[in-house]
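What follows is a set of notes on a single structure, which appears directly below.
The values are calculated or read from the model by the stated rules, or taken from the named source; none is laboratory data. Everything numeric in this text was worked out from a predicted model, so none of it was measured. Methodologically, a virtual Cβ is constructed for each residue, glycine included, from the backbone with ideal geometry; neighbour enumeration extends over all protein chains shown. Just the protein is used for accessible areas: all its heavy atoms, side chains included, with ligands, DNA and RNA removed. Shrake-Rupley method; radii C 1.70, N 1.55, O 1.52, S 1.80 Å.
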Amino acid sequence: MFQEIYTKDNEENFYVGKKLGRKENFYVGKKLGRKENFYLYELIDDKGRFLSISLIHKNIINKTIDSSEYLDLMSSFVKTNDKFFDIFNLSRDFEAKKFNFSHLLNKNILYARRKKDLIEISKVVKVKEESLFLGKIDSPLYDSIGEELSEVLFSDFEKVDIVSVEEYLMRQYLKKM
C-alpha cells in the first residue's frame with residue numbers, strides 16, 4: 001500500500017524545505033498512477049495524516065521501498081487516524097485516473113524546480129502541452145515567480161503539490177488579508 005520514496009539529494013537535483021536549508025529526500029506515500037514523466041502520489045506526514053497529492057518527477061526518485069517496519073508503523077497511524085486522516089477533505093474529490101495537467105488551471109500550486117533551493121507557490125494561469133504559465137502570488141512564507149507571468153516547462157519541475165494541506169492553510173490565511 002504505502003511506499004518509502006527516496007529522492008536524489010545531490011547539489012543539482014534535490015528538494016529543499018521552505019528555505020530552511022534542510023534536504024527533504026524521504027517521503028511516505030501511496031502511488032496513485034503515472035502521468036507522463038511524473039509519478040502521482042498521495043503523501044502522508046510523519047503522524048499518518050494526509051499531506052498532499054503530489055507529482056514527483058521520475059528522474060529524481062532514487063528508490064522506493066514497499067515493505068519496512070516504518071511503513072507498518074505509518075499504516076497503523078493512518079488506521080488510528082481514521083476520520084481525522086484528511087480533516088479538510090482535500091483528497092475527497094480527487095480522481096487519479098482522470099487527472100491531467102489541465103486540471104491545474106486557476107489553482108495555486110506549491111512546487112520545487114530543478115536547480116532551485118526553495119519551494120515556490122504560483123497560480124496556474126495557462127496550461128500548454130509541455131508547460132505551465134504561472135502567475136505571481138503574494139505570500140509571506142513562499143517565494144513566487146518574480147514576473148507576473150512566467151512559462152515553466154514540465155521537465156523543470158521536480159515535485160508539484162496538486163492538493164496539499166499547506167497550500168489550503170495558506171489560501172485560508174491569504175483570504176483574511
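Restricting ILE61, ILE87 to those that are touching a residue at least 12 places away in the same chain (Cβ under 8 Å) and either closer than 28 Å to LEU149 by Cβ or under 17 Å from the mean Cα position of the chain (by Cα) (or both) reduces the list to ILE61.
For the range 90-122, a residue qualifies if it is more than 14 Å from the chain's Cα centre (by Cα) and acidic (Asp, Glu), and the qualifying residues are ASP93, GLU95, ASP117.
Residues in the range 68-83 that are open to solvent by 80 Å² or more (accessible area, probe 1.4 Å) and of a type in the set (S, T, N, Q): THR80 only.
On the stretch given as the range 53-67, residues that are open to solvent by 90 Å² or more (accessible area, probe 1.4 Å) and part of a strand (DSSP E or B) total 2. The set of residues from the range 32-52 being touching a Phe, Trp or Tyr at 6+ places or on another chain (Cβ under 6 Å) and either in a strand (DSSP E or B) or of a type in the set (A, V, I, L, M, F, W, C) (or both) comprises LEU43, PHE50.
Within the range 67-84, the set of residues being free of Cβ contacts under 8 Å to residues at least 40 places away in the same chain and of a type outside the set (Val, Ile, Thr) comprises SER67, GLU69, ASP72, LEU73, SER76, PHE77, LYS79, ASN81, ASP82, LYS83, PHE84. Look at (1) over 20 Å from TYR39 (Cβ atoms); (2) modelled with pLDDT of 80 or more and you find that ARG113 fails only one, number (1). In the set (1) touching a Phe, Trp or Tyr at 6+ places or on another chain (Cβ under 7 Å); (2) modelled with pLDDT of 90 or more; (3) not polar (S, T, N, Q), LEU104 fails one condition alone, (1). Residues in the range 128-157 that are part of a strand (DSSP E or B), surrounded by fewer than 16 Cβ atoms within 10 Å (Cβ to Cβ) and at pLDDT 90 or above: 1 in all.
Scanning the range 89-101 for residues that are of a type outside the set (A, V, I, L, M) and either at pLDDT below 90 or out of contact with any helix residue (DSSP H, G or I) (no Cβ under 9 Å at 6 or more places or on another chain) (or both) yields ASN89, SER91, ARG92, ASP93, PHE94, GLU95, LYS97, LYS98, PHE99, ASN100. The residue that is least open to solvent (accessible area, probe 1.4 Å), among those in the range 22-44 that are charged (D, E, K, R) and free of Cβ contacts under 8 Å to residues at least 60 places away in the same chain, is GLU42. Among the residues making up the range 1-52, those that are out of contact with any helix residue (DSSP H, G or I) (no Cβ under 7 Å at 6 or more places or on another chain), hydrophobic (A, V, I, L, M, F, W, C) and at pLDDT below 90 are PHE14, VAL16, LEU20, PHE26. Please find, among VAL125, VAL160, the residue that is open to solvent by 20 Å² or more (accessible area, probe 1.4 Å) and at pLDDT 90 or above. Checking each option against the conditions leaves just VAL125.
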